[in-house]
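Read the structure below first, then the notes.
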Ligand SMILES: Nc1ncnc2c1ncn2[C@@H]1O[C@H](COP(=O)(O)OP(=O)(O)OP(=O)(O)O)[C@@H](O)[C@H]1O
Ligand SMILES: [Zn+2]
């Protein structure tokens, strides 16, 4: 006969939450080191209940206080599966908390590095959008005076179709600067935490977040280069050196000591070269000076400023599907003159330049209010790239706002594009969309440097 | 202030700094400098002589019980005089970040502050820390019908106001008032009668 662990609860059991809601325990969703997670129905609605092993509640003495504070303060954003209410069961000395239920269309982003066929394949745009949302959510958490303490792969889930994310395991969240209950997860901890010189705080969170971003975009760890490749058996001393006492970035511009190895890291090098130098600069800061000086780590707002520009500016190689970001170099929209992956000569579509933002004008591409500095809701569609109804070789940008645009054409004439009409996309055209002015341009091709 | 509030204040200031540095870098004609005054059970200058923003690193404040805002306002008032700020300057930008419950004599502090020579020409902004911050006190500091205290999570909006404050006078000085509006000029070129072929606009 199986004896239930001390403090365990059973499916079918009824309970009342601390704020007085009525619930019933349903099926077991999964179990981990700290406890079990059940499907529950509370006041007629489905939620998840995390129920702790009694021995865990005895070790982690700050747990209850953290959860109560979390419930009181509320979720920083809707991306967090945040504690909503605490649960106790009569005659049971353990406790648990209610959180939103994660639907089955979400997948753990650890699968970004799983071997095929389980690997989670995401487009570069989705990966960037994933990072943007993480930056936004962790910013709200930090700005409220909290830190997460254990940012890692295992706690982040993504819906592959929409790129929406969920942040789980919020029971370690604590006031920034308070004594932490954990150190964190291997390969995500800041070097000073690996060396046990510091407990997690908002600045170590920033380091873990930068690792998460690098992993999400490259499917690879930023400190794994030649040195890790040369190790046949990783032991604790070597691990301490790689991630704690002597960490070196794979793309450290000042040393090749841990640089990429030909034939091993080629794809990662190609992706690195395909990214705008503004983004590379943030990674370089994170994993050079930011390894040693926590105050120099990249803040969420800095990531967001750069990440926001990327999703609309991606060119996909017609031959091998490798994704290249068109970026502004020397004031011109620029991209490599040969595919960084297959070497074929690319055919770049014209782009629309809006300040420092580049939008590739492929058929179907939409331009939203957020791109135009418009007062409308950020996601309102203001324009769309379409082909000409009868002349297949022409593409145009349709005005989906209710105000006319003024355009000046490369031939020097100016015209009005009334609401609902489209204007031919030709380099040299300038379009005045209310407050913002956009210029249609060709992409300047630059020979890739290694 | 304590616990999560002080952490929130520190995070807001850390986040605002890089944005401020960007403003300074984008406007090399303006020398943006910053002083920092801290108040808890006492008020004292943390950075007294104005430092270029690119040199400033935020040192985290520690939680303490008291909020001597009155002392802080008096200390600030002493700096808002033509003698203390000599030479040609853009209006100073004053940012008050607090959870808003002064524990000292803040009334006399406000009196001294608003009596100082440069207070009225200053741009006064505030950041309310914590969800239950006392916006009335911060509102008295701002004393502007349209400006509300910012929250810690939009502290970077400070930069928008500061940008406006630091660039507006410069731009106004460099563009003559009689120059034609560039958009208007553009509008006059438009020839509505000119037929547009359907392969340019459709
Ligand atoms: N809100 C939720 N909705 C649906 N399933 C969940 C939810 N939270 C956790 N789970 C699932 O329940 C299981 C245990 O979750 P959890 O990560 O909380 O355990 P843990 O004790 O923290 O594990 P670990 O040993 O990794 O720390 C996992 O399979 C997880 O995917
Ligand atoms: Zn290719």
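No value in this document is a laboratory result; all are computed from the given coordinates. Not measured: the values here are computed from a predicted model. Please note: Cβ atoms are built from the backbone with ideal geometry, for glycine as well, and neighbour counts cover all protein chains shown.
Would region B:1-131 count as rounded, prolate or oblate if I go by the C-alpha gyration tensor, calling it rounded below 1.5 in a/c and otherwise prolate when a/b exceeds b/c, oblate otherwise? Walk me through the numbers on the way to the answer.
Values: a/c = 2.04, a/b = 1.15, b/c = 1.78.
Here region B:1-131 falls in the oblate category.
What is the helix-to-structure angle for A:63-73, meaning the angle in degrees between its Cα long axis and the longest Cα principal axis of chain A, kept from 0 to 90 and rounded to the nearest 10?
Approximately 50 degrees, to the nearest 10.
Roughly speaking, what is the centre-to-centre gap between region A:316-376 and region A:238-259 when only Cα atoms are used, to the nearest Å?
Rounded to whole Å, the Cα centres lie 33 Å apart.
Hey, could you get me the Stokes-Einstein D for region A:348-445, Kirkwood radius over alpha-carbon pairs, 25 °C and 0.890 mPa s, rounded to whole µm² s⁻¹? Don't skip to the end; give the middle numbers.
Details: Rh = 13.4 Å.
Answer from the Stokes-Einstein relation: 183 µm²/s.
Mind pulling the angle between the C-alpha long axis of helix A:277-287 and the longest principal axis of chain A? Nearest 10 degrees, somewhere in 0 to 90.
Result, in degrees: 30.
Take peptides B:49-55, A:422-428, A:11-17, A:303-309 and line them up by average Cβ neighbours within 10 Å, highest first, as a rough protection proxy.
Details: B:49-55: 12.9, A:422-428: 18.3, A:11-17: 14.9, A:303-309: 20.7.
Per-residue mean Cβ counts within 10 Å order the peptides as A:303-309, A:422-428, A:11-17, B:49-55.
Can you pull the mean other chain C-beta count within 10 Å for peptide A:424-431?
On the way: counts 6, 0, 1, 0, 0, 1, 1, 0.
So the per-residue partner count for this stretch is 1.
Classify region A:305-408: rounded, prolate or oblate, from the alpha-carbon gyration tensor (a ≥ b ≥ c, eigenvalue square roots; a/c under 1.5 rounded; otherwise prolate if a/b is larger than b/c)? Spell out each step's value before the answer.
Details: a/c = 2.15, a/b = 1.38, b/c = 1.55.
Oblate shape, in that a/c is at least 1.5 and b/c is the bigger or equal ratio.
Within 10 Å of each Cβ of A:359-370, how many other protein chain Cβ atoms are there on average? Display every interim value, and only then the final one.
Details: counts 0, 0, 0, 0, 0, 0, 0, 0, 0, 0, 0, 0.
So the per-residue partner count for this stretch is 0.
If a/c stays under 1.5 just call it rounded; otherwise compare a/b with b/c (prolate if a/b is bigger, oblate if not). Do that for region A:263-358, with a ≥ b ≥ c from the square roots of the Cα gyration tensor eigenvalues.
On the way: a/c = 2.74, a/b = 1.40, b/c = 1.95.
Verdict is oblate for region A:263-358.
Can you quote the Å³ per residue value for the convex hull of the Cα atoms in region A:14-99, rounded to an integer?
Measuring per residue, one finds 99 Å³ for the Cα hull of region A:14-99.
Can you tell me the equivalent ellipsoid semi-axes for the protein assembly as shown? Use √(5λ) from the Cα gyration tensor, largest first, whole Å. Walk me through the numbers on the way to the answer.
Numbers: eigenvalues 369, 284, 139 Å².
Three semi-axes, in Å: 43, 38, 26.
Restricting to DSSP H runs of at least four residues, report the calculated mean residue ellipticity at 222 nm for chain A, -39500 (n - 2.57) per run over all residues, nearest 500 deg cm²/dmol. The partial results should precede the final answer.
Working: 11 runs with 100 residues, N = 450.
Computed mean residue ellipticity for chain A: -6500 deg cm²/dmol.
Kirkwood Rh over alpha-carbon pairs of region A:381-433, then Stokes-Einstein at 37 °C and 0.692 mPa s: what D in µm² s⁻¹, rounded to an integer?
Values: Rh = 11.2 Å.
In µm²/s, the coefficient is 293.
For a footprinting-style exposure proxy, rank A:238, A:65 by other Cβ within 10 Å, fewest first. Present the calculation step by step, with values, prior to reporting the outcome.
Numbers: A:238 14, A:65 11.
With the fewest neighbours first, A:238, A:65 line up as A:65, A:238.
For region B:72-114, max minus min Cα coordinate along each principal axis, in Å, sorted largest first?
36, 18, 12
If you fit an axis through the alpha-carbon atoms of helix A:202-218 and take the longest principal axis of the Cα set of chain A, what angle between them do you get, 0 to 90°, nearest 10?
60
With both partners inside chain A, how many of the DSSP beta bridges are antiparallel, as a percent to the nearest 5? Walk me through the numbers on the way to the answer.
On the way: 68 of 72 bridges.
If we restrict to bridges inside chain A, about 95 percent are antiparallel.
Taking 8 Å as the Cα distance limit and 6 or more residues as the minimum spacing, I'd like the relative contact order of chain A as a percentage. Let's see the in-between values first.
Numbers: 878 pairs, mean separation 39.7, N = 450.
Reported relative contact order: 9 percent.
Over the whole of B:4-14, what's the average partner chain Cβ count within 10 Å per residue? Rounded to a whole number, please.
On the way: counts 10, 3, 4, 13, 7, 2, 5, 12, 3, 0, 9.
Counting other chains' Cβ atoms within 10 Å and averaging over B:4-14 gives 6.
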